[in-house]
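The values are calculated or read from the model by the stated rules, or taken from the named source; none is laboratory data. Everything quoted here is computed from the prediction, not taken from an experiment. Note that each Cβ is placed from the backbone with ideal geometry, even for glycine, and that neighbours are counted across all protein chains shown.
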Amino acid sequence: MSKIKQIDMTDDKWIDEFKPIPHAHSDSGYDCGDGDCLWETYGSDIEEVIRRSDMPEWKGRLWTVFDDGSIGEGYHFVNRLGYIFTEKPAAPKTHYYIYDDMLTPEEDEEQEYELEEQDEDISTRP
C-alpha cells in the first residue's frame, strides 16, 4: 500500500498556490481573480476538458468544481458544476479538498492515509 496525503485548504489559498487559468470564452461568473475560469459540463467545453485530460502536459492541472462549492483534483462526473485548469499541477499521491473559507471555518490540514495504489489513474477518465 502507498501513503496518500490529503490536504485541506481554502479556495483563496488554492487560487494563490495553483493559479487557475482564465477561460476566454466563459461567462459563468466563476472568477478566480484574473477572469472567469470555469469550463462547462457540456458542448465544446466538455470536449476540450476530456481532450486535455488525456494529455501529459495537463496531468494534475484539471480540477472539478462540485455543486457544493468545493473543488477536487482531477476529472469527476458526479455532482460536478464545472472544471478549472491551473498553471501548477496537483502533487502526485495527494488528495486535495478545497473549500470556501466562508462556509467552513477550519484550519488547513495535511493528513496521510494508507490507500491501495491503482494501476491506472482513473480520476482523469470520463
(request) Please find, among D8, D12, D68, the residue that is of a type in the set (D, E), at pLDDT below 95 and assigned to a loop (DSSP other than H, G, I, E, B). (result) D68
(message) Checking K3 against (1) at pLDDT below 90; (2) part of a loop (DSSP other than H, G, I, E, B); (3) out of contact with any Pro (no Cβ under 9 Å at 6 or more places or on another chain): exactly one of these is not met. Which one?
(response) (2)
